[in-house]
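Since the structure comes first, as structure tokens, the remarks are kept for the end.
The values are calculated or read from the model by the stated rules, or taken from the named source; none is laboratory data. Remember, predicted model here, so these are calculated numbers, not experimental data. Don't worry about glycine lacking a Cβ; one is built from the backbone with ideal geometry, like all the others, and counts go over all protein chains shown. Remember, those area values only see protein heavy atoms, side chains included, never the ligands or the DNA or RNA. Shrake-Rupley method; radii C 1.70, N 1.55, O 1.52, S 1.80 Å.
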Amino acid sequence: MAIQEVDKIWHNGKLVPWKEATTHVMTHALLYGTCAFEGIRAYKTDHKGTCIFRNKAHIDRLFYSAKVYYIDIPFTQQEILDAAAETVRVNGLESAYIRINANLGYGEVGPYSLDCPTDVSIVCFPWGRYLGDEAMAKGIKVGVSSWRRSAPGTIPAGVKAAGNYLSSRLITIEAKKRGYTEGIGLAHDGTVSEGAGENLFVVKGGRIITPPFAASILGGITRDSAITLARKLGYEVVEQNIPREMLYAADEIFLTGTAAEVTKVASVDDHQVGDGNYPISDKIQKTFFGLFTGETEDEWGWLEPIEK
Ligand code: PMP
């Protein structure tokens, strides 16, 4: 997906012109993938103007990811929260994708490097439907990948760091080359983990089932939102290992992610999912998007309005 440039990038505490937010070729993050990051959406809402969705939860995860990889962020959480809102505001964006990077910077080579400075940037740009409008309405075709997600005790799958996305890259490229819109990764034990950039939910007999953290998933913030909304709607949601063949027996499947939002799955490995109706996924999708029209009450304080 091509990047749409905007005016300014927040770079180590200052707003600089887009083209000036550069880095050296020997930056540690480029050499070893040592970048903790976040992807956040700002929505144009009908009732509260432009709002960042769950900014605090994302920044908490950013600091957690950085901690696991010994990347020191020389700003407070509040400073990063404020800077994200400010970056959307100064660029005059009504809705945006916000990417926050805490890159281990320039100064040392070798994976040890505990003394590299951290280069923090906040970039935002317009971004519509990641998987397309048709995908949102009709659902997407997915394929189970031949690549497994990293096993527990190898690369921490629950951490959002650039290096982890080598796995997502293999899964999604393989899927697209086979004619699917997205790929599903299995965990080390052959049970279902998640999509290349999305968490996965199965609906069976009125219950909603999603793989647990130990199935090498990223603890998605949209996953948490979907679970919260589903329970609020009165559905039972359980975290449980999902064998691959259960995908073929599902009544409904949907994926969640900041980019993918709530996206239904129409087929898995060319098997149609259920009978082609998605009563529960539709309800969750509608309730999720209702947060941005005001139809769904934001009881949790997930919407953070950006001052004009
Ligand atoms: N899993 C992976 C591998 C992801 O990259 C993402 C996107 N960040 C998700 C799940 C969904 O997480 P979130 O809802 O926090 O965007």
task: Please determine, by comparing only the residues of the stretch 136-162 that are of a type outside the set (Val, Ile, Thr) and in contact with a Lys or Arg (Cβ under 7 Å, 6 or more places away or on another chain), which one is nearest to the ligand (Cβ to nearest atom).
output: Lys160
field: Residue under evaluation Pro211, criteria (1) closer than 16 Å to Gly195 by Cα; (2) open to solvent by 10 Å² or more (accessible area, probe 1.4 Å), criterion not met
entry: (2)
- prompt: In the stretch 163-198, how many residues are near the ligand (Cβ under 9 Å from one of its atoms) and acidic (Asp, Glu)?
  reply: 2
message: I'd like to know if the stretch 51-60 contains one or more residues that are modelled with pLDDT of 95 or more and part of a loop (DSSP other than H, G, I, E, B).
response: yes
- prompt: Given the residues Thr263, Thr222, Thr256, which is the only one that is part of a helix (DSSP H, G or I), within 22 Å of the chain's Cα centre (by Cα) and within 15 Å of the ligand (Cβ to nearest atom)?
  reply: Thr222
task: Assess whether Lys176 counts as being over 16 Å from Phe37 (Cβ atoms) and at pLDDT below 95.
output: no
- prompt: Can you find a residue in the stretch 267-277 that is open to solvent by 40 Å² or more (accessible area, probe 1.4 Å) and hydroxyl-bearing (Ser, Thr, Tyr)?
  reply: no
message: For a quick check of your reading of the model, give me the residue pairs whose first member lies in the stretch 102-126 and is under 30 Å from Lys44 (Cβ atoms) and open to solvent by 30 Å² or more (accessible area, probe 1.4 Å), whose second is among the polar types (S, T, N, Q) and modelled with pLDDT under 95, with beta-carbon atoms closer than 6 Å and at least 6 apart or on different chains.
response: Phe125/Gln4; Pro126/Gln4
field: Only one of Asp72, Asp46 that is open to solvent by 50 Å² or more (accessible area, probe 1.4 Å), among the charged types (D, E, K, R), out of contact with any Gly (no Cβ under 9 Å at 6 or more places or on another chain) and not in a strand (DSSP E or B)
entry: Asp72
query: Could you count how many residues in the stretch 127-170 are β-branched (Val, Ile, Thr), over 18 Å from the mean Cα position of the chain (by Cα) and open to solvent by less than 30 Å² (accessible area, probe 1.4 Å)?
result: 1
- prompt: In the stretch 292-308, how many residues are in contact (Cβ under 8 Å) with a residue 24 or more places away in the chain and open to solvent by less than 40 Å² (accessible area, probe 1.4 Å)?
  reply: 6
task: Filter the stretch 3-39 down to the residues that are under 26 Å from Glu261 (Cβ atoms), aliphatic (A, V, I, L, M) and at pLDDT 95 or above, then identify the one that is nearest to the ligand (Cβ to nearest atom).
output: Ala36
- prompt: Among the residues of the stretch 122-135, how many are closer than 30 Å to Val16 by Cα and within 13 Å of the ligand (Cβ to nearest atom)?
  reply: 2
query: When residues of the stretch 199-218 are filtered for being β-branched (Val, Ile, Thr), within 13 Å of the ligand (Cβ to nearest atom) and more than 15 Å from the chain's Cα centre (by Cα), how many remain?
result: 1
